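Working notes, beginning with the structure itself.
The values are calculated or read from the model by the stated rules, or taken from the named source; none is laboratory data. This one's a predicted model, so the numbers in the text were calculated from it and none came from an experiment. We place every Cβ from the backbone using ideal geometry, glycine too, and count neighbours over all the protein chains shown. What goes into the accessible areas is simple: the full protein's heavy atoms, side chains included, and nothing from ligands, DNA or RNA. Shrake-Rupley method; radii C 1.70, N 1.55, O 1.52, S 1.80 Å.
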Amino acid sequence: MLKALTKHQGMLYVLPALLFVGLFVLWPLCQLVYLSLTDTSLLGGGEFIGFENYVKAFKDASFWKALGFTVRYTIFITPILMGLGFALALLTAPNRPLRQVTRAIIFLPVVIGLGTSSLLWFWLFDQQVGQFNQIMVDLGIFKEPAVWFTKADMALTAVIISVTWKVIGFGMLLFVAGIQSIQGEVSEAALIDGANYWQRVWHIILPLSMRTILLTTLISVIGSMLAFEQFYIMTGGNPRGQTFTSVYWIYQNSFISFKLGYGAALSIILTLIVLVFSSLQVVLSNRSHKS
């Protein structure tokens, strides 16, 4: 008996995790796949209809418009998060008291809920009482308070500003960890060879942080592709449905139009799109590690 337990002790260690994944990930996923093959309504009832929901999804211009807007949002916000996060990491990476305090202050918004921060920024952008508009007017950047949520481009800009403030500290922390993992002897050798600061950043820190960059990019893109709360609270899909994201459109179909089966099919399609990008990131990460 003891030998049998010793032989399979590795499996016993991972069994709780396997049970958790099976019960709370795989089983709900299987239910979602089956639901996507039915015309189930939120009000009850439904029959098996095969792939009709998927055929309908590929003909749904509104879904693809929402997906296009989501991709646009992702393309805009990801370089901002990556660039600012890396720049802040360079500024705060040394473990000195003042820089540690600065790092903590920048990270503080990360602990605030996304819904809370979105509501905060919604009021900050208000034309009448919003302090953001007032600051822009006082600095001479705006001649008068801007109306942020009546035009799609302005609404998208407002959301990008709020999300950047909310999550930039998380990316900074990942980059700081990557930079601090670089052995000091490497930088010291480059310094002795006469390399200036930017040469060390470009030729040492940046290449050796590539795995961290790819990881941060993956997290940023997945988070952006699954964006919902910030648009639900700040724009409500307006103006004229131009700021619907993919998840927002899935929510509309599933819980507003009561089309649970169709919403499940849209969820599967979005999951596959995210899975393709994740697989691509893993391939690039492995190649970066081998090189």
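Annotations for the structure displayed:
- Residue within the range 137-156 that is more than 19 Å from Thr245 (Cα to Cα) and part of a helix (DSSP H, G or I) present: yes
- Per the conditions (1) in contact with a strand residue (DSSP E or B) (Cβ under 7 Å, 6 or more places away or on another chain); (2) open to solvent by 40 Å² or more (accessible area, probe 1.4 Å), the sole criterion not satisfied by Thr38 is (2).
- Checking Glu52, Glu47 one by one, the residue that is within 30 Å of Phe244 (Cα to Cα), touching a residue at least 12 places away in the same chain (Cβ under 8 Å) and of a type in the set (D, E, K, R) is Glu52 and no other.
- Those residues of the range 62-81 which are of a type outside the set (Val, Ile, Thr) and either open to solvent by 30 Å² or more (accessible area, probe 1.4 Å) or in contact with an Asp or Glu (Cβ under 6 Å, 6 or more places away or on another chain) (or both), in sequence order: Ser62, Trp64, Lys65, Gly68, Arg72, Phe76, Pro79
- Candidate set: the range 87-124, residues that are of a type outside the set (Val, Ile, Thr), free of Cβ contacts under 8 Å to residues at least 40 places away in the same chain and farther than 18 Å from Lys166 by Cβ; chosen: the one surrounded by the fewest Cβ atoms within 10 Å (Cβ to Cβ): Pro97
- Residues of the range 4-59 satisfying the condition of being charged (D, E, K, R) and more than 14 Å from Ile268 (Cα to Cα): Lys7, Asp39, Glu47, Lys59
- Residue in the range 174-183 that is farthest from Leu88 (Cα to Cα), counting only those that are outside any helix (DSSP H, G or I) and open to solvent by 50 Å² or more (accessible area, probe 1.4 Å): Gln183
- Taken together, Val186, Val201 contain a single residue that is open to solvent by 40 Å² or more (accessible area, probe 1.4 Å) and of a type in the set (Val, Ile, Thr), which is Val186.
- Residue in the range 271-284 that is in contact with a Gly (Cβ under 6 Å, 6 or more places away or on another chain) and in contact (Cβ under 8 Å) with a residue 60 or more places away in the chain present: no
- Subset tally (residues that are open to solvent by 30 Å² or more (accessible area, probe 1.4 Å) and either over 23 Å from Thr70 (Cβ atoms) or at pLDDT below 85 (or both)) for the range 156-173: 1
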